[in-house]
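For reference, the structure is listed below as structure tokens.
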Amino acid sequence: PYEESRRYRDFMGWEMPWYSALPSNDELLTGRQVGSMHIVCYLREGDRVYETYWTTLRGVEVMDYDYALMDLTVYGRQELWEDSPSGWPQTMDAPPEHPMRTNGRPIPQWSRIEEGRSDDLTPGS
């Protein structure tokens, strides 16, 4: 939900404005698979909004460096589609505690919690 996202933006100290496209969701996703991962870019000029770019699934992957870095390692992504030698790990299960998290929190949140910022994202917090 937008309001919760905005509170998270404020918690993280980000200043770039965020906008919700949810009221126009049906029109914006016409002809596209709803529930699929999309990146869509818009340009607003006065009262007009232009869609300048969109991609989905594998097109989004190139913006996520996690996969590119995993592809450089000896074990790769450890995905079932990889042609890996017998006995090499191939699991899609996440480890119990992600190595880039402490107490379930990603690194960018650590300093905010140490500063005493509230991470309560409920309305009115």
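Listed by first and then second residue, the pairs linking a residue in the range 60-80 that is closer than 19 Å to residue 36 by Cα and modelled with pLDDT under 80 to a residue that is surrounded by 10 or more Cβ atoms within 10 Å (Cβ to Cβ) and of a type in the set (Lys, Arg), with Cβ atoms under 9 Å apart and 6 or more places separating them unless they lie on different chains, are 67/77. Note on the range 1-35: residues that are within 30 Å of residue 110 (Cα to Cα) and of a type outside the set (A, V, I, L, M) amount to 18. Just to be sure I understand the filter: pairs with C-beta atoms under 8 Å, separated by 6 or more residues or on different chains, first member in the range 1-15 and under 13 Å from residue 120 (Cβ atoms), second member surrounded by 14 or more Cβ atoms within 10 Å (Cβ to Cβ) and of a type in the set (A, V, I, L, M). Which pairs pass? Close Cβ pairs (under 8 Å, with a partner that is surrounded by 14 or more Cβ atoms within 10 Å (Cβ to Cβ) and of a type in the set (A, V, I, L, M)) amount to 4/121; 7/121; 8/121; 11/121.
Filtered by the rule that a residue be touching a helix residue (DSSP H, G or I) at 6+ places or on another chain (Cβ under 8 Å) and either in contact (Cβ under 8 Å) with a residue 40 or more places away in the chain or part of a loop (DSSP other than H, G, I, E, B) (or both), the range 20-38 gives 20, 21, 37.
Residues that are assigned to a loop (DSSP other than H, G, I, E, B), out of contact with any Cys (no Cβ under 6 Å at 6 or more places or on another chain), over 23 Å from residue 2 (Cα atoms) and modelled with pLDDT under 75 do occur in the range 100-115.
Candidates 15, 3: the one that is surrounded by 10 or more Cβ atoms within 10 Å (Cβ to Cβ), under 29 Å from residue 118 (Cα atoms) and over 16 Å from the mean Cα position of the chain (by Cα) is 3.
The values are calculated or read from the model by the stated rules, or taken from the named source; none is laboratory data. Owing to the predicted nature of the structure, the values given are computational and were not obtained by experimental measurement. Cβ coordinates were reconstructed from backbone atoms using ideal geometry, including for glycine residues, and neighbour counts include every protein chain displayed.
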